[in-house]
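Peer 1: Got a structure here, written out as structure tokens. Questions coming.
The values are calculated or read from the model by the stated rules, or taken from the named source; none is laboratory data. Model, not experiment: these values are computed from the prediction. Counting neighbours? That spans all protein chains shown, and the Cβs are built from the backbone with ideal geometry, glycine included. Areas reflect the complete protein model, heavy atoms only, side chains present, ligands, DNA and RNA absent. Shrake-Rupley method; radii C 1.70, N 1.55, O 1.52, S 1.80 Å.
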Amino acid sequence: MGYFALGCLCLAIVCSTWTVAVSEDVFPPDLVTLMNDFNRMINETADPCNDFNGYVCPSQTPENSVQSRDSTKTANQISNRLTHGNSTGGGAAVKKYYDFYNTCIKVPSRFDEAALKLTGDLEKYVKQQLGSSSYDSPLAPRQLGNILAYVMVNYGVKIITDLKKQRLPEKPSELKFKNNNKTLYIETPREFLSSRLIYDPKFEKYGDIIKVGLRACYAFVDPTMKDVELNHTTSQLFEIDSRLAKVINKTQEPTSVIRLLEANEASKLMPEIDWSAFVETLSSYSTAFLGNYSPQTLPILFYTPETTGALIRVLAQAPASLLLKYLQTKVVLSLVSINCEALTYEALPLVKQHLYITDSYPTTSDRMNLKSSVSTMVDNVISSVRDMAEQISWIKNDTQTYAGFTDKLNKMKKSVCYNDGLDDPNWLDAKYSDFNVSSDDDFYKLYYKAHQYSAKNILEEKYDPESDVTRWNAFYDPWVNQVNILIATLGSQTYSPNYVPAVVYGGIGSLIGHEVTHAFDTLGINWDSEGHLKNWISKKSKKSFDSMAQCVINQYDRFTIADESGKVYNIDGVQSSGENVADNAGLRAAYNAFMKHPDRSKPFPRPPKLRNITDEQLFFLSFGRFFCTPENPTPNELVDVHAPYKLRVIGTLRDFEPFRKAFNCPVNSKYAPEKHCDVYAPDLTEAKSNAYSVISSVVVSTIMSAFLVFIV
Ligand SMILES: [Zn+2]
């Protein structure tokens with residue numbers, strides 16, 4: 001209350017469909033701003049049925065992307081707080097955060113000096129590992145294990161895996177690894193995923209760019225190296241990099257290959273590396289990490305063992321001298337994004353998150369209200385997915401599948417905005433009680449301190465980088481059966497308690513729907529309600545699921561998109577199938593939740609282009625805005641597990657009946673083709689009416705009672 005927008009009052013007079021008498025001229029300023037932005041973006045000359053992207057976001061610049069706008073705002077807020085703020089009013093942990101940063105910037109470090117010093121330190125370590133072994137021979141398994149763990153902890157260089165802990169794939173009681181909750185998790189490193197595309201034959205032109213980068217990085221390692229030798233070294237580095245990338249650049253391994261092995265068993269499977277040595281080096285940075293295990297017996301969970309083994313073979317074949325150069329190049333590369341700010345976040349990420357949360361929502365009641373209203377939205381979307389299951393015959397009529405599906409939904413956990421504790425200074429102080437900054441520390445000491453402390457906290461499960469709530473992201477974790485909506489995703493572009501349901505459900509609601517339905521996509525169906533790998537879907541239902549998923553695969557396989565030079569690329573329907581199923585089902589879940597919302601028709605400001613927009617149309621406008629990105633996809637977008645943004649919009653809307661209805665699209669317009677896929681679409685009502693005339697009266701009465709459930 002108390003807000004007044006003059007523009008809206010004028011609109012109320014001219015807008016004949018607007019009949020609410022009292023509240024139409026009083027809108028909260030943030031809603032007015034957002035609706036004006038919708039208005040600015042809409043291109044009325046584009047036909048929504050044939051070019052919805054062009055209609056909703058004609059100027060597809062990064063600045064117009066919802067995600068990019070909110071992410072930039074968040075990053076600036078965090079940076080300003082650290083570089084221009086102080087610890088006044090904060091607890092001990094906040095003081096350490098500022099002490100760390102102020103100590104770090106006291107003596108500025110030059111990039112070339114830092115590169116020399118850090119890569120020199122690495123050389124010393126590798127020399128020490130080699131002892132009397134030759135630099136020209138490949139590393140022994142034990143040496144390779146030690147060195148890969150060392151670079152991961154000290155430099156954040158991840159060649160064969162990220163540093164991560166994960167839940168066991170089965171209930172601990174069924175295994176010899178009893179009383180173990182989480183264990184070391186080895187999976188293809190994410191930071192490598194983006195560079196794999198460089199070596200895809202489709203993107204050959206990017207190879208030259210990578211060579212230039214490797215050359216520039218190595219020049220910092222050895223500034224005295226002559227050009228000819230530098231070119232030769234670059235070719236060798238490129239060879240290793242491309243071989244690693246080619247290993248990763250293949251279709252993901254199925255979940256059936258996931259292996260849980262003791263370190264010594266794993267070394268037998270991958271004889272080129274000694275996993276016990278890898279574990280032992282990790283444990284030297286955290287005494288609590290091993291618990292009751294020895295480095296030989298620690299259980300390790302391998303998510304993609306074949307890929308991991310193949311990556312290791314590439315490294316194990318290189319002479320020690322070349323591998324050292326490769327790792328040094330990666331250290332220089334990682335140094336590009338490291339400054340005192342980044343090191344502070346690396347060392348004390350929870351303080352960064354605490355300050356972001358409490359700065360954005362200063363009072364406890366603000367934070368409680370936010371959590372509770374977003375939580376309700378997640379519940380509404382989950383309940384909408386439950387309704388969907390009731391209307392799909394291959395789920396509803398199959399006892400086993402129905403039980404598994406609903407059990408997974410009923411037990412789905414949710415982490416909304418942030419976990420309790422992050423807004424509590426005492427909790428934070430206790431968390432970082434073992435971290436100290438000394439006035440003698442310089443950039444290098446702080447560099448190692450930040451990396452090692454971060455690794456220690458991951459190994460001891462005190463921190464998981466994925467849960468950093470300042471990232472613009474939401475995700476579903478199949479290992480816990482949990483949907484996570486991070487607070488930074490709820491920025492002014494997506495969420496405010498003042499926004500109307502059409503805006504909120506079309507945007508962030510669809511994202512929530514996407515994450516919830518990841519539990520039931522091509523990958524998600526392999527995990528059960530407790531996050532264990534288990535087949536809960538019956539063989540018969542699996543056939544129905546597969547034919548639904550295959551339709552989506554075929555549809556996206558037929559999509560093409562051109563890059564900025566006009567080169568046309570095909571989409572990999574198999575690789576993106578999980579995301580595409582989640583996009584389709586997520587939109588349906590969000591739309592159904594929106595249609596059931598009691599405030600569905602709440603009035604909103606109507607600048608000129610929104611004068612005749614219906615609530616349903618506004619829902620889809622909000623959905624489309626999420627994917628406003630530059631017209632031509634980046635190479636990253638082309639090899640990502642998600643389809644390029646533009647295709648995510650058409651791929652989803654063309655399969656969704658309510659969209660064509662909302663915009664009155666003629667049959668066979670681009671966004672309303674007659675032939676399309678039905679993803680988790682209701683079919684029971686039709687099935688019943690067809691069956692009605694041919695089946696016995698007993699069955700008819702059973703079906704009729706089920707039918708009544710739907711129409712109530
Ligand atoms: Zn997804």
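Peer 1: Which one of these is in contact (Cβ under 8 Å) with a residue 40 or more places away in the chain, open to solvent by less than 10 Å² (accessible area, probe 1.4 Å) and within 16 Å of residue 492 (Cα to Cα): 38, 100?
Peer 2: On the way: 100 fails: within 16 Å of residue 492 (Cα to Cα).
After ruling out the rest, the residue left standing is 38.
Peer 1: Tally time: how many residues in the stretch 324-372 are in a helix (DSSP H, G or I), free of Cβ contacts under 8 Å to residues at least 40 places away in the same chain and within 21 Å of the chain's Cα centre (by Cα)?
Peer 2: Residues meeting the conditions: 1.
Peer 1: Can you tell me which condition residue 308 does not meet? The list is (1) part of a loop (DSSP other than H, G, I, E, B); (2) open to solvent by less than 20 Å² (accessible area, probe 1.4 Å); (3) of a type in the set (S, T, N, Q), and all the others hold.
Peer 2: (1)
Peer 1: Six or more apart or on different chains, Cβ atoms under 6 Å: show the pairs whose first residue is in the stretch 514-532 and more than 10 Å from the ligand (Cβ to nearest atom) and whose second is modelled with pLDDT of 95 or more and of a type in the set (Asp, Glu).
Peer 2: These pairs meet every condition: 529/407.
Peer 1: When the residues of the stretch 627-647 are filtered to those that are part of a helix (DSSP H, G or I), more than 14 Å from the ligand (Cβ to nearest atom) and under 21 Å from residue 42 (Cα atoms), which remaining residue is most open to solvent (accessible area, probe 1.4 Å)?
Peer 2: 646
Peer 1: When you check residue 483 against the structure, is it of a type in the set (A, V, I, L, M, F, W, C) and touching an Asp or Glu at 6+ places or on another chain (Cβ under 9 Å), yes or no? Show your work before the answer.
Peer 2: Details: of a type in the set (A, V, I, L, M, F, W, C): yes; touching an Asp or Glu at 6+ places or on another chain (Cβ under 9 Å): yes.
When the stated conditions are applied, residue 483 passes them.
Peer 1: Let me ask you something else. Every residue in the stretch 577-591 that is closer than 9 Å to residue 556 by Cβ and within 10 Å of the ligand (Cβ to nearest atom), please.
Peer 2: Applying the first criterion (closer than 9 Å to residue 556 by Cβ) to the stretch 577-591 yields 577, 580.
Once the filter is applied, which keeps residues that are closer than 9 Å to residue 556 by Cβ and within 10 Å of the ligand (Cβ to nearest atom), the stretch 577-591 yields only 580.
Peer 1: Something else about it: Looking at 568, 503, 552, 574, which one is farther than 21 Å from residue 412 by Cβ, free of Cβ contacts under 8 Å to residues at least 12 places away in the same chain and of a type in the set (A, V, I, L, M, F, W, C)?
Peer 2: Values: 503 fails: free of Cβ contacts under 8 Å to residues at least 12 places away in the same chain; 552 fails: free of Cβ contacts under 8 Å to residues at least 12 places away in the same chain; 574 fails: free of Cβ contacts under 8 Å to residues at least 12 places away in the same chain.
Of the residues listed, the single one that is farther than 21 Å from residue 412 by Cβ, free of Cβ contacts under 8 Å to residues at least 12 places away in the same chain and of a type in the set (A, V, I, L, M, F, W, C) is 568.
Peer 1: When the stretch 579-606 is examined, which residues are found to be open to solvent by 10 Å² or more (accessible area, probe 1.4 Å) and either more than 17 Å from residue 381 (Cα to Cα) or of a type in the set (Phe, Trp, Tyr) (or both)?
Peer 2: Hits for the stretch 579-606 are 579, 591, 601, 602, 603, 606.
Peer 1: Every residue in the stretch 529-549 that is open to solvent by 20 Å² or more (accessible area, probe 1.4 Å) and within 24 Å of the chain's Cα centre (by Cα), please.
Peer 2: Within the stretch 529-549, 530, 533, 534 qualify.
Peer 1: Let me ask something else about it. Being among the β-branched types (Val, Ile, Thr) and open to solvent by 30 Å² or more (accessible area, probe 1.4 Å) is the filter; apply it to the stretch 162-213 and report the residue that is modelled with the highest pLDDT. Working first, answer last.
Peer 2: At the first step, the residues of the stretch 162-213 found to be among the β-branched types (Val, Ile, Thr) are 183, 186, 188, 198, 209-210, 212.
Okay, now just the ones that are also open to solvent by 30 Å² or more (accessible area, probe 1.4 Å), so 209-210, 212.
Details: 209: 80, 210: 84, 212: 89.
The selected residue is 212.
Peer 1: Only one of 504, 568, 500, 480 is open to solvent by 50 Å² or more (accessible area, probe 1.4 Å) and either at pLDDT 95 or above or of a type in the set (A, V, I, L, M) (or both). Can you tell me which?
Peer 2: Of 504, 568, 500, 480, the one residue that is open to solvent by 50 Å² or more (accessible area, probe 1.4 Å) and either at pLDDT 95 or above or of a type in the set (A, V, I, L, M) (or both) is 568.
Peer 1: How many of the residues making up the stretch 249-278 are part of a helix (DSSP H, G or I) and touching a Phe, Trp or Tyr at 6+ places or on another chain (Cβ under 6 Å)?
Peer 2: Residues of the stretch 249-278 part of a helix (DSSP H, G or I): 255-257, 263-269, 275-278.
With touching a Phe, Trp or Tyr at 6+ places or on another chain (Cβ under 6 Å) added as a condition, the list becomes 263, 266-267.
Matching residues across the stretch 249-278 total 3.
Peer 1: Another question, then. Test residue 81 against the criterion of being part of a helix (DSSP H, G or I), in the same structural domain as residue 425 (by the TED database) and either on the phi > 0 side of the Ramachandran plot or touching a residue at least 24 places away in the same chain (Cβ under 8 Å) (or both), and give yes or no.
Peer 2: On the way: part of a helix (DSSP H, G or I): yes; in the same structural domain as residue 425 (by the TED database): no; either on the phi > 0 side of the Ramachandran plot or touching a residue at least 24 places away in the same chain (Cβ under 8 Å) (or both): yes.
Answer is no for this residue.
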